[in-house]
Amino acid sequence: MYAQMVKSEGSSGEETPEEREFQDRIDRGEKIEPKEWMPAGYRKTLIRQISQHAHSEIVGQLPEGNWITRAPTLERKQILLAKVQDEAGHGLYLYSAAETLGISRDEMYEQLHSGKAKYSSIFNYPTLTWADMGAVGWLVDGAAIMNQVPLQRTSYGPYSRAMIRICKEESFHQRQGYHIMMKMARGTEAQREMAQDALNRFWYPALMMFGPSDANSVHSEQSMAWKIKINTNDELRQRFVNETVPQAEFLGLEVPDPDLAWNEEKGGYDFSQPDWDEFFEVLKGNGPCNKERLGARVKAWEDGAWFRDGLTAYAEKASARRAASATAAE
Amino acid sequence: MSKEWPLWEIFIRSQNGLNHRHVGSLHAPDAETAILNARDVYTRRKEGVSIWVVKAVDITASQPSLKGPIFDPAEDKVYRHPTFYDIPDDVEHM
Ligand SMILES: [Fe+2]
Ligand SMILES: [Fe+2]
């Protein structure tokens, strides 16, 4: 997902009384708040997961930012700008949720910029045509929603509250994407082809967003016990396919999977898995746009340094001036 | 590396008549910028009519580990609630 393959850090030895009490609280549906006692593994895993999610929101602005200046109408440009601005907001909500666990913002940036921290594989694919803005909103935000809706119930209070805010804003993202797809699919033949091509390119990368099957993963088991993961990757992927295929049919577009078929017995579609070798390559940094994305992010951070420093210097000066005039008035 | 901007806690009044409510936090060099940033981060859909910003380091919080000693004394004082008193149904307006 936006946080793919997050390794959870279960405790090694015997369960301590504190750990038992902590697990009981979670089982009772209580929320855990910052500064309360929590197992070191819970803290570490959450920091990893929330920061990876935050990084994805921030890097996720880049493929769409690519089209802001080339949107076909002023209205589409305003919409896309608002959507990308929302994603910046999502990143900020999540970074501050992670900070309540004791990691600093700069540390998280450092981890992203050095390549130590990951972000979602999906943002390492290029956005080649305007139809990709449709496919991204429809499929990528759609897949993100699938994961974020259950996470509103996660056990960690600040994370849960960030998810609730994010989910409120996401449905506009998906709908504006689908709206673009509708326009394109019902436009000229060339536009319809563009829409089909975008679906062809984004279908499997979208399925990868949920991560590889984790039905037998101990990490997932621990995360689910802690309620920082609610569903298995396969469950969410299946749900996504079930909801998305009829939407593609409505558009008159074809999902690029010859084996896609409704399975009456399981009440869901049978579908082909994405190429997991490709997924691991992208995660390792060898996707089509990894270097470009991270490069753009690092450049923005470095180019902005003089500005951040300037504002800091101004703030320090102003507060010194205030202090001086307060003393003078005494 | 540059110095990290301080963290500000953000409180928003969603409409007049309601309290300001904590909505999250953000980094900014000073209070004025924190308010500007809070507008962009937390009120993109008209979620507020007023913003308070407080430096996170200036907030003193009660200790989670003292939750018991601080809050439990209120537990056995049920007589502070109206439901503690049995008043016959015949008595109206009470
Ligand atoms: Fe988002
Ligand atoms: Fe989104």
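The values are calculated or read from the model by the stated rules, or taken from the named source; none is laboratory data. Keep in mind it's a predicted model, so treat the numbers as computed, not measured. We place every Cβ from the backbone using ideal geometry, glycine too, and count neighbours over all the protein chains shown. To get the accessible areas, we keep the full protein, side chains included, count just its heavy atoms, and leave off ligands, DNA and RNA. Shrake-Rupley method; radii C 1.70, N 1.55, O 1.52, S 1.80 Å.
Points worth noting:
- Of all the options A:Phe172, A:Phe307, A:Phe279, the one that moves most in a Gaussian network model of chain A with Cα springs shorter than 10 angstrom is A:Phe307.
- Basic side chains Lys and Arg get +1 at the Cβ, acidic Asp and Glu get -1 at the Cβ, and with that the dipole of the stretch B:7-84 about its Cα centre reaches some 340 debye.
- Potential extension, A:Glu30-A:Lys44 segment - 0.36 nm per residue separation minus Cα distance: 3.1 nm
- Gain upon complete extension [A:Asp259, A:Ser114; 0.36 nm per residue less C-alpha separation]: 48.2 nm
- For B:Gly24, the residues whose modelled amide H falls within less than 5 Å of its own, excluding neighbours fewer than 5 places apart on the same chain, are B:Ile10.
- Accessible area of A:Arg322 (1.4 Å probe, protein heavy atoms only, ligands and nucleic acids ignored): about 140 Å².
- Phi to ³J(HN,Hα) by Karplus 6.51 cos²θ - 1.76 cosθ + 1.60 over the stretch A:300-317, Hz, x for Gly, Pro: 4, 5, 6, 5, x, 4, 4, 6, 4, 5, x, 5, 5, 4, 5, 4, 5, 4
- Ordered from longest to shortest, the equivalent ellipsoid semi-axes for the protein assembly as shown are 40, 30, 24 Å, each the square root of 5 times a Cα gyration tensor eigenvalue.
- C-alpha center-to-center spacing [the stretch A:77-148, the stretch B:31-67] in angstrom: 23
- Leading residue at positive end of dipole, chain A (Cβ point charges), from A:Ala117, A:Ala328, A:Gln152: A:Ala328
- Subtracting the Cα-Cα distance of A:Ala328 and A:Glu302 from their residue separation scaled by 0.36 nm leaves 5.4 nm.
- For the stretch A:228-292 and the stretch A:306-330, distance of Cα centres in Å: 54
- Cut-off 14 Å between beta-carbons: net charge of the residues surrounding A:Ala190, Lys and Arg +1, Asp and Glu -1: 0
- Helix B:31-42 vs. chain B, principal-axis angle (Cα, 0 to 90°, nearest 10): 70
- In this label model, B:Phe84 and A:Arg321 are separated by 5.7 nm, measuring between points 7 Å along each Cα→Cβ vector.
- Calculation over all alpha carbon pairs of the stretch B:7-84 in 5 angstrom steps from 0 returns a P(r) of 3, 14, 18, 14, 12, 11, 11, 9, 5, 2, 0 percent.
- Cβ-Cβ distance of A:Ile68 and B:Asp72, R₀ of 60 Å, FRET efficiency by 1/(1 + (r/R0)^6): the value works out to about 0.60.
- Estimated distance in nm for a label pair at A:Asp106 and B:Ala61, the labels positioned 7 Å out from Cα along Cα-to-Cβ: 2.2
- Derived scalar couplings between HN and Hα for the stretch B:70-85 equal 6, 9, 5, x, 6, 5, 8, 9, 4, 5, 7, 9, x, 5, 5, 9 Hz in order, rounded to whole Hz, by the Karplus curve 6.51 cos²θ - 1.76 cosθ + 1.60 (θ = phi - 60°), x for Gly and Pro.
- For the stretch A:131-178, fraction of C-alpha pairs farther apart than 12 Å, in %: 57
- Sparsely packed trypsin sites (Lys or Arg not before Pro) within the stretch A:99-145, loop by DSSP, other Cβ within 10 Å at most 14: A:Lys116
- Working from Cα pairs under 8 Å separated by at least six residues, relative contact order for the stretch A:169-258 is 31 percent.
- Chain B - percent relative contact order, Cα under 8 Å, separation 6 or more: 27
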